[in-house]
Amino acid sequence: MTQSQHTPLAIVFALGFTMMLGPFAIDTYLPAFPAIATAMGVEIKVVSLTISVYMFAIALGQLVGGALSDRFGRRRVLVIGLLLFAGASFFLSRAQSMEALLLGRVLQAIGGGFTAVSVPALVRDRVRGLQAAKLFSMIGLVAIVAPAIAPTIGTLLLRLGDWDIIFVFLGVYALCLLPLLSATVFKGPRRPPVGPGGIGMVARYLGVLRERRALPYIGWQTAGFGGLIIFVTWSAYIYQVHYGQSRDAFALLFACNIVAMFGCNLLNRVLLNRLPSLQILRGATVAQAVAAFWLLGVALLDGSVLAFLPGMMLYAGTLGAISPNNQAGFLEYFPGSSGSAAALMGTATFSLGGLASGFSTLLPQNLLSVTLCMLACSLLSLVFMAQRGTRSHCLS
């Protein structure tokens, strides 16, 4: 295949549903934070550490899984990842202490890392350049649904049972992906590994790091994603504590951000027919920085939730254009080692995002601290955008 329009919609949806696993793992249990904190006898900010731990562990999972997928093939790594994720989810549903909860999240994240890193590699196996950006955008349209509905699903599940039912749901969802992928993405004879089998894991990653033209894309993606993860970590506090919103209102307010991402993703699809991918990426990055300044102003002026919401929607929404164009531009440099390249970007994105998230929990518990961290991430994105400069080739 050389063009995304030749990619069957069944494959697009299957890969999109697989990408939904990550947002589900992070966002579905957010409404349960108060209940988990009560059950474990800790503060909500301690429960928030489970997000930071997940981010670090999923980075490790992607680092290992990416090289393994280049060596042994996408199918095997993806299946192992889904099974590990499902098993860890069922373990989490039985956790009775914070130690067990953190251990389960580590195992769940490693499985999630194996799964997450396989999807961009599968895309790069099929298409390249502008067509890859379009296919990433199509998959993103499906995957964006997950963070929009995840808190709502979590809220509905909490009406049926205790917080543990959410992790049972995650385990069942992961298992359901196995027959779906077998019937679509992996239908037909098994493909041999895409890369030279004799190259070791370290050599693969060193090969990626030697391509200096591609490295700014990693920092660019990491900074943009890091700001969003800081918000996700503090979202329950921002909406339910600072602004005093109910659990149902929290789910609705959180979903507004994803609606914005969906809209930006659709706009990105349209603009890709008229503008270079890199130009769209730069515009979205500047827009995110503007949104960050807006949020800081709301915090300084003690603005209402209705003042906070539009800035947050723009901040989150821009990732609907930043992520697909960034991934496509980065992977363009690695036709023979896309699994390792995707793993390196994913590892940096999630590990540094987890570090930023964990660090933010040490700051004073107020909206100003959160918005300052988000602004810092946006400014860092602009730095990497400037580093890319005119040296970057435009996808066309």
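Every read-out reported here was derived from the displayed coordinates using simple, explicitly stated rules and does not represent laboratory data. Computed from a predicted structure; not experimentally measured. Note that each Cβ is placed from the backbone with ideal geometry, even for glycine, and that neighbours are counted across all protein chains shown.
Ranking GLU99, GLU332 by Cβ neighbours within 10 Å, fewest first, what do you get?
Least crowded to most crowded, the residues run GLU99, GLU332.
Separation between the VAL241 and GLU211 pseudo-spin-labels, each 7 Å from Cα along Cα→Cβ, expressed in nm?
Once both label points are built, they end up 4.3 nm from each other.
Taking a ≥ b ≥ c as the square roots of the eigenvalues of the Cα gyration tensor of segment 257-362, is the shape rounded (a/c under 1.5), prolate (a/b larger than b/c) or oblate?
It is oblate, given that a/c is not under 1.5 and a/b is not larger than b/c.
If each residue of separation counts as 0.36 nm, what is the full-extension length gain between ARG274 and ARG94 once their alpha-carbon separation is subtracted?
Taking ARG274 through ARG94 to full extension adds about 59.6 nm, to one decimal.
Given points 7 Å out from each Cα along the Cα-Cβ axis, report the GLN365 to ALA183 separation in nanometres with one decimal.
So the label points at GLN365 and ALA183 sit 4.7 nm apart.
If I take every Cα pair under 8 Å that is 6 or more residues apart in the chain, average their sequence separation and divide by the length, what percent do I get for the relative contact order?
After rounding, I find 29 percent.
Can you compute the FRET efficiency between ALA386 and LEU252 using 1/(1 + (r/R0)^6), with r the Cβ-Cβ distance and R0 = 41 Å? Round to the nearest 0.05.
The pair ALA386/LEU252 has a calculated efficiency of 0.65.
Per-residue HN-Hα couplings for segment 19-31, Karplus 6.51 cos²θ - 1.76 cosθ + 1.60 at θ = phi - 60°, whole Hz, x for Gly and Pro?
In residue order, the calculated couplings are 5, 5, 4, x, x, 4, 5, 8, 9, 5, 8, 4, x Hz.
Calculate the dipole size of the chain relative to its Cα centre from +1 charges on Lys and Arg beta carbons and -1 charges on Asp and Glu beta carbons; express the result in debye to the nearest 20.
Roughly 1440 debye, rounded to the nearest 20.
For ARG247, ARG213, what ranking results if the residue with the fewest other Cβ atoms within 10 Å of its Cβ goes first?
Listed from fewest to most nearby Cβ atoms, that is ARG213, ARG247.
Can you compute the helix-only [θ] at 222 nm over the chain? Use -39500 (n - 2.57) per DSSP H run of at least 4 residues, normalise by all residues, nearest 500 deg cm²/dmol.
-25500 deg cm²/dmol
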